[in-house]
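Chemist: There's a structure below that I have some questions on.
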Amino acid sequence: MTVGAASYRFMVGDIEYVAVADGDMQYTADALFANAPKERAEQVVREHELQPEEIPLSFTILVINTGRHRVLVDTGLGAGDAPSAGELFNNLRAEGISPEDIDTVILTHGHPDHIGGNTDAEGNLAFPDARYVMWKGEWDFWTSESTLGKLEGGQVYGDPELDARLGAFARDNLLPVRGQVDVIECETEIVAGIHAIAAPGHSPGHMALLISSGEEQALHLADAVLHPIHLEQPEWYLLYDLDPEQAASTRRKLLDRIAAEDAPVLSYHFPFPSLGHLSRKGKGWRWEPIE
């Protein structure tokens, strides 16, 4: 394994991975733990040496080199939207990876910080030679005029500013890839060694990924878990979970599976390089980051 300021190389079996930083943003405890008692949430946050109004979440993109394919998992927030994010392309270049090297882009779901790098500042495809892969229910949700109209009317999450932002990102970064997108409707192998796992709740067609090589495997949780505190408090859900009950059920199923298999785990928003292991801790789980 090799570590740089904005990248982290590691192997699982014969598959090479590079975790690449896109940056980070600050979130509030109210947003990350929407159903938690406020005083209890703030106490837990401070126990983690964080401030309730400034909880950093990393945006970690995964590049997977299977030997036959160069796969990118999500594209980050995109440049220009936030000064602390949008560094994906600079950090890919620093690793000697050009956009033309990527032949497959897997979009785990349609939120801005996962699709914002689909296009450049001029609206051109950032990965012009790539096949884009997304769950059909997710693609249909974010690209339908019905959903886009509801987002523009503030009728999905109930927050007009948030809804408008989500709708604008979908129009600018999902609609342009429609000519190169493959939608999947069931758990399947996207390319050899990379398997899509249904993980709905955070969004309708949110997906996780199981990556296997020989007898070794790793699991990419995407946004099934956003912060290590969610491992300890798995019933606390996000303001951004479209179906909180389903998201909590999905989270438990995935975490039970990981803890049983003791496989390496990547969680998109955990502290960079967002890689570690899970173990049971009481009614929840403990995060053990790779050192």
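The values are calculated or read from the model by the stated rules, or taken from the named source; none is laboratory data. As the structure is a computational prediction, the values presented were derived from the model and not from experiment. FYI the Cβ positions are ideal-geometry reconstructions off the backbone, even for glycines, and counts take in every protein chain you see.
Chemist: Tell me, please, whether a residue that is within 27 Å of P37 (Cα to Cα), out of contact with any Ser or Thr (no Cβ under 7 Å at 6 or more places or on another chain) and of a type in the set (A, V, I, L, M, F, W, C) can be found in the stretch 260-276.
Modeler: The answer is no, given that none of the residues of the stretch 260-276 is within 27 Å of P37 (Cα to Cα), out of contact with any Ser or Thr (no Cβ under 7 Å at 6 or more places or on another chain) and of a type in the set (A, V, I, L, M, F, W, C).
Chemist: Just checking, which of E16, E47 is surrounded by fewer than 18 Cβ atoms within 10 Å (Cβ to Cβ) and either in contact with a His (Cβ under 6 Å, 6 or more places away or on another chain) or closer than 24 Å to L210 by Cα (or both)?
Modeler: E16
Chemist: Looking at the stretch 168-204 only, could you name the residues that are surrounded by fewer than 21 Cβ atoms within 10 Å (Cβ to Cβ) and hydroxyl-bearing (S, T, Y)?
Modeler: Within the stretch 168-204, just T188 meets the criteria.
Chemist: Regarding A29, is this residue without any contact (Cβ under 8 Å) to a residue 40 or more places away in the chain and in contact with a helix residue (DSSP H, G or I) (Cβ under 7 Å, 6 or more places away or on another chain)?
Modeler: yes
Chemist: Can you tell me which of A121, A196, A192 is touching an Asp or Glu at 6+ places or on another chain (Cβ under 7 Å) and either in contact (Cβ under 8 Å) with a residue 60 or more places away in the chain or among the small types (G, A, S) (or both)?
Modeler: Within the list A121, A196, A192, the selection yields A196.
Chemist: Does G205 qualify as being part of a helix (DSSP H, G or I), of a type outside the set (V, I, T) and modelled with pLDDT of 95 or more?
Modeler: no
Chemist: Still on this structure, I have one more. Tell me which residues, restricted to the stretch 132-162, are polar (S, T, N, Q) and not in a loop (DSSP other than H, G, I, E, B).
Modeler: Correct list: T143, S146, T147.
Chemist: Now for a different question. Taking helices (runs of 4 or more DSSP H) that fall entirely within the stretch 20-130, which contain at least 3 residues that are at pLDDT 95 or above and farther than 23 Å from L242 by Cα?
Modeler: 38-47, 88-94
Chemist: Kindly indicate whether P128 is without any contact (Cβ under 8 Å) to a residue 60 or more places away in the chain and either closer than 22 Å to F59 by Cβ or of a type in the set (K, R) (or both).
Modeler: Considered against the rule, which asks whether it is without any contact (Cβ under 8 Å) to a residue 60 or more places away in the chain and either closer than 22 Å to F59 by Cβ or of a type in the set (K, R) (or both), P128 comes out as no.
Chemist: Test R165 against the criterion of being surrounded by 14 or more Cβ atoms within 10 Å (Cβ to Cβ) and either at pLDDT 95 or above or assigned to a helix (DSSP H, G or I) (or both), and give yes or no.
Modeler: yes
Chemist: Go through (1) out of contact with any Pro (no Cβ under 9 Å at 6 or more places or on another chain); (2) over 18 Å from I115 (Cβ atoms); (3) buried (at least 17 other Cβ atoms within 10 Å of the Cβ); (4) not hydroxyl-bearing (S, T, Y) one by one and return the number of the condition E291 breaks.
Modeler: That leaves (3) as the condition not met.
Chemist: A further question on this structure: Please enumerate the residues belonging to the stretch 208-223 that are in a loop (DSSP other than H, G, I, E, B) and either touching a strand residue (DSSP E or B) at 6+ places or on another chain (Cβ under 6 Å) or surrounded by fewer than 18 Cβ atoms within 10 Å (Cβ to Cβ) (or both).
Modeler: Correct list: G214, E215.
Chemist: Let me ask you something else. What pairs come out if I take residues in the stretch 277-291 that are under 15 Å from L254 (Cβ atoms) and without any contact (Cβ under 8 Å) to a residue 40 or more places away in the chain and pair them with residues that are outside any loop (DSSP other than H, G, I, E, B) and of a type outside the set (K, R) whose C-beta lies under 7 Å away, six or more apart or interchain?
Modeler: Short answer, once both residue conditions are applied: H277/V265; H277/E288; S279/A259; S279/W285; S279/E288; R280/A259.
Chemist: Under 21 Å from M134 (Cβ atoms) and crowded, with 16+ Cβ neighbours inside 10 Å: is that true of Q246 in this structure?
Modeler: The answer is yes for Q246.
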